[in-house]
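The values are calculated or read from the model by the stated rules, or taken from the named source; none is laboratory data. Every value quoted in this text rests on a predicted model; they were computed, and no experiment measured them. When we count neighbours, we look across all protein chains shown, and the Cβ atoms used for this are built from the backbone with ideal geometry, even at glycine. The accessibility values were calculated without ligands, DNA or RNA, using every heavy atom of the protein model including side chains. Shrake-Rupley method; radii C 1.70, N 1.55, O 1.52, S 1.80 Å.
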Amino acid sequence: MKEKTPEKEIHISPQLKLAKAAHDLKYRKANPGPLYSWPMGAWFSLFFIVPIAIIIIYSFCKKDIHGGITFEFSLDAYRAIFDTIETTDPVTGEVTKKFLYLPLLWRTLWTTVIATFISIFVAVPAGYAMARSRHQTFFLILIIIPFLTNSLIRIYAWKTILGEQGLLNDICAFLYKICFLVEGDADKGFKAIQFIGTNRAIILVNIYMYLPYAILPVFTAVDRFDFTLLEAARDLGATKPVAFFKVLIPGIRSGIVSSLIFTFIPIFGNYTVPLLVGSKNTRMLGQTIYEAATTSRNLPLASSFSVILTLVSMAAIILMITSQKKEENLNTMKSE
């Protein structure tokens with residue numbers, strides 16, 4: 001066996017070291033990338049990380065009798081989430097205990113999920129039609145126009161439409177007259193439907209408010225999609241629905257994920273929509289946070305709810321991104 005010869009140590013001359021240092025210095029001057037990241041890093045830290053840290057710290061503090069914060073470690077704010085109230089049946093006199101905040105959290109979650117998925121259900125065909133149209137600019141202007149109006153004005157407009165004497169009830173009364181052949185006034189025999197103060201109204205207005213946020217990412221993804229893949233799938237015998245769900249939907253998954261994020265998070269923490277078109281029986285998490293921070297001056301409780309809202313939103317984002325990466329890795333393995 002041949003003995004291994006020891007590797008010779010490479011000697012670098014001082015001139016070569018100096019030339020390398022000069023090259024590195026020139027490269028850093030020509031590519032000051034880290035310097036450009038400082039403003040964004042400072043902005044991100046100041047307006048995102050610091051407020052989140054303050055909210056987390058406040059959630060573990062005690063409430064002051066004057067409505068402030070006592071910096072003593074406590075879990076009272078999180079225990080308050082599971083508080084119960086006693087209710088008495090007026091007929092039987094039976095006393096039962098009910099959770100005070102858990103039904104509110106559940107109502108907020110399922111309302112948000114329903115509004116989000118209806119938005120995505122509408123956004124996918126709308127984004128597809130816009131991307132395939134010759135009048136993309138015109139349709140984009142139509143999508144952007146609502147953003148030129150204050151959100152409160154748009155919510156009050158819907159409040160007028162959904163009112164007992166609003167446009168929607170007038171249409172229902174007109175259809176009632178036609179169906180049942182009621183003579184005379186359109187309101188004769190028709191009882192106005194209660195839309196305001198219901199979960200249906202909150203879901204409807206939330207869909208209207210955040211539908212553009214769902215359409216635009218889908219439109220961008222469809223616009224970049226290679227439609228020759230659909231033609232190839234059809235040539236291989238796939239039907240239109242199969243090509244749509246097996247080729248197009250995976251190809252625009254990034255846009256759909258972005259739409260889910262851009263609609264789920266703002267709806268989950270929304271305050272104005274349930275306040276203006278809802279009622280005391282349809283209160284959501286955003287209203288509870290606002291009331292705890294302003295009316296009852298319970299900052300630890302408001303902070304604990306805010307932490308829950310943040311964790312749920314982050315969990316949704318992480319879940320969507322993880323599923324997307326798994327799908328991409330699976331597609332890469334299949335292609336190999």
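Before moving on, here are some points about what is shown:
- Qualifying residue in the range 250-270 (condition: modelled with pLDDT of 85 or more, more than 18 Å from Phe121 (Cβ to Cβ), surrounded by fewer than 19 Cβ atoms within 10 Å (Cβ to Cβ) and among the β-branched types (Val, Ile, Thr)): no
- Failed item in (1) open to solvent by 90 Å² or more (accessible area, probe 1.4 Å); (2) free of Cβ contacts under 8 Å to residues at least 12 places away in the same chain, with Lys98 passing the rest: (2)
- Residue selected from the range 190-219 under the condition without any contact (Cβ under 8 Å) to a residue 40 or more places away in the chain and closer than 28 Å to Val113 by Cβ, by the criterion nearest to the chain's Cα centre (by Cα): Arg200
- Yes/no for Ala292 being surrounded by 14 or more Cβ atoms within 10 Å (Cβ to Cβ) and either modelled with pLDDT under 85 or farther than 19 Å from Ala214 by Cβ (or both): yes
- Exactly one residue among Ala243, Ala238, Ala233 is out of contact with any Ser or Thr (no Cβ under 6 Å at 6 or more places or on another chain), surrounded by 15 or more Cβ atoms within 10 Å (Cβ to Cβ) and outside any helix (DSSP H, G or I), and that residue is Ala238.
- Any hit, the range 72-90, residues being out of contact with any helix residue (DSSP H, G or I) (no Cβ under 8 Å at 6 or more places or on another chain), open to solvent by less than 50 Å² (accessible area, probe 1.4 Å), on the phi < 0 side of the Ramachandran plot and outside any helix (DSSP H, G or I): yes
- Annotation: Thr149 fulfils all but one of (1) open to solvent by 80 Å² or more (accessible area, probe 1.4 Å); (2) free of Cβ contacts under 8 Å to residues at least 12 places away in the same chain; (3) farther than 18 Å from Leu275 by Cβ; the unmet one is (1).
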